[in-house]
Amino acid sequence: MNIFKVLSSNDGTITEPNVSSFLAYLLDPNENHGLGSTFLELFLKGFIDRKPNDYEDLIYNGDIRDLSRNSGFDVRVQAEVKLIVIDDGVKRKTRDIDILIELIDKTNRENTPYVFAIENKINDAAIMKGDNQLNEEVVGLLNYYEDSSPFLTFIYLTPSFSNRAAVEYTELLQFIEQQNHLISTFHIAWGTDKKEDADTTISALISRLLQEESVGKIEPMYDYTKHTLKSFVSFIYSAFKSYQEEKILNRQKSDYGQPFIQYVKDFYHVMPFDKDIHHDELKKAVADSILSTSGLTVKSANFDKSYVVNYPSRQHYGVNGPRNEAKNLFYFPNENNRTIIRKLDMNNLPEGIYIYWRDKEYANSLGKELLTVIFEEVKMLDS
């Protein structure tokens, strides 16, 4: 049994923030996982080895220093830290950094020599082209530590080294160079079981941790920690999919050659913004594409409108959070007319449009909020 895949089925309690929180838990030597600082040191060592001159105080005898409770550093790990990008008294814009690791000098607790910030993505659909998220998070970090001036490291963690992720990271490097910001950056991946990902990914680091424990190179782990880590690596390899999602996708790949939602995305990419589209036009285009690709007639049940953000019934079709970028594709300009849709532009959000998702915290388990509120990081908000 894989607890991550089980929990992410049905009501979908495993989300990107959940994954960030679990990684933060593993990285924190003060937590009760029994790893101490071993995983944190293994994680940071990859960056220190690549730029040793930037991290001289973290190197001892050619290796990373001990970061346990007995070291000269206190380690503070936080998840979901809000950063202010702009605050001029009239308008304010914020960004959330997924994980923040601070190394604090025990002899002078006002001194934080090193900070490592992690921006996490668990699928490529979450990478918004033209969103400026990475650039703004760097600005937010510089503002956050303006008074203490630690050595800042920004880590971009993506599912793999895809073209989409690489473009965003390249744009970040260009921005940092143009603005002459003093910050070190790295791009790493969660990883898959593909050979080319070896030794450079989170999954590889965890696998290495398990292997070294098995041969006695590190102290024995708790049994529950070992089982949990193995389940987490398997969850990474599955691209963070639940058992239910894997079954549906495998069936659709077998039937149609690729998941149904990919055909909907293909239609989305060729459509212009600000154009009314009859839903039957989408259905015909997708059905024709599936017929051409697989020779099969698409099942009408697939057109469940879960890809329309302000369709309340999408809560019943695997949309378990508002930030389900894979399905946040279209919206009804008029919610009372569910035959007409428009392409959703995340960089120019429509006013007055709600987004729905499954959430037990709301009445009837139906989450509901304005798009402009949920995605405040892509919109300047009045303070």
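The portion of the accessible surface of the chain made up by carbon and sulfur, rounded to a whole percent, is 46 (1.4 Å probe; DNA, RNA and ligands excluded). Using a simple spin-label model with pseudo-atoms 7 Å out from Cα toward Cβ, Ser313 and Asp280 lie 1.8 nm apart.
If you add up the charges near Phe151, with Lys and Arg at +1 and Asp and Glu at -1, over every other residue whose beta carbon is less than 11 angstrom from its beta carbon, what do you get?
Values: positive: Lys51; negative: Asp54, Glu56, Asp57.
Net of charged neighbours comes to -2.
Remark: accessible surface ordering of Ile59, Ile86, Ile277 (largest first) is Ile86, Ile59, Ile277, probe radius 1.4 Å. Enclosing the Cα atoms of the range 220-359 in their convex hull gives a volume equal to 142 cubic angstrom per residue.
Over 27 Å between C-alpha atoms is what I'm after, so list which of Lys121/Lys226; Lys226/Lys265; Lys284/Lys327; Lys93/Lys121; Lys121/Lys217; Lys51/Lys226 land there.
Working: Lys121/Lys226 24 Å; Lys226/Lys265 38 Å; Lys284/Lys327 19 Å; Lys93/Lys121 21 Å; Lys121/Lys217 31 Å; Lys51/Lys226 31 Å.
The pairs that break the limit, which is 27 Å between Cα atoms, are Lys226/Lys265; Lys121/Lys217; Lys51/Lys226.
Derived value for the chain: Kirkwood hydrodynamic radius 22.8 Å. Basis is the mean of 1/r over every pair of different alpha-carbon atoms. On full extension, the segment bounded by Leu210 and Asn347 gains 45.1 nm, given 0.36 nm per residue less the C-alpha separation. Computed from the Cβ-Cβ distance with R0 of 41 Å, the FRET efficiency linking Arg50 to Arg92 stands at 0.70. Considering only Pro272, Pro159, Pro322, the Gaussian network model of the chain with Cα springs below 10 Å gives its largest mean-square fluctuation to Pro272.
Taken over the Cα atoms of the range 55-110, the convex hull encloses 120 Å³ per residue.
Take Lys217: with every protein chain present and a 1.4 Å probe, its accessible area is about 150 Å².
In Å², what does the accessible area per residue of the chain work out to with a 1.4 Å probe? Before the final figure, lay out each step's value.
On the way: 19110 Å² over 383 residues.
For the chain, the solvent-accessible area averages 50 Å² per residue.
In the elastic network of the chain, a GNM with C-alpha springs shorter than 10 Å, the most mobile of Pro312, Pro220, Pro150 is Pro220.
In the chain, the sites counted are GluC sites (Glu not before Pro) in DSSP loop states with at most 11 other Cβ atoms within 10 Å, and the longest stretch holding none of them, exclusive of the sites, is 147-350. Put Arg314, Arg92, Arg69 in order of accessible area, highest first, and with a 1.4 Å probe you get Arg69, Arg92, Arg314.
By Kyte-Doolittle mean hydropathy of at least 0.0 and Cα axial length of at least 15 Å, which whole DSSP H helices of the chain are selected? Write out the running numbers ahead of the final one.
Numbers: long enough: 16-27 (17 Å, 0.72); 38-50 (19 Å, 0.60); 133-144 (16 Å, 0.05); 163-179 (24 Å, -0.49); 202-214 (18 Å, 0.37); 223-237 (21 Å, -0.13); 243-256 (19 Å, -2.03); 260-270 (16 Å, 0.16); 279-294 (22 Å, -0.29).
Going by DSSP H runs, the hits are 16-27, 38-50, 133-144, 202-214, 260-270.
A straight chain from His227 to Arg76 at 0.36 nm per residue would run longer than the Cα-Cα distance by 51.8 nm.
Note on Ala166/Phe273: beta-carbon distance plugged into 1/(1 + (r/R0)^6) with R0 of 22 Å gives a FRET efficiency of 0.30.
Cut-off 10 angstrom, C-alpha nodes, Gaussian network model of the chain. Which of Tyr317, Tyr354, Tyr224 fluctuates the most? Judging by the Gaussian network model, the answer is Tyr224. Solvent exposure of His278, expressed as accessible area, is near 80 Å², computed with a probe of 1.4 Å over the protein chains only.
The values are calculated or read from the model by the stated rules, or taken from the named source; none is laboratory data. This is a predicted model, so every value here is computed, not measured. We place every Cβ from the backbone using ideal geometry, glycine too, and count neighbours over all the protein chains shown. Side chains are part of the model used for accessible areas, which takes the heavy atoms of the whole protein and leaves out ligands, DNA and RNA. Shrake-Rupley method; radii C 1.70, N 1.55, O 1.52, S 1.80 Å.
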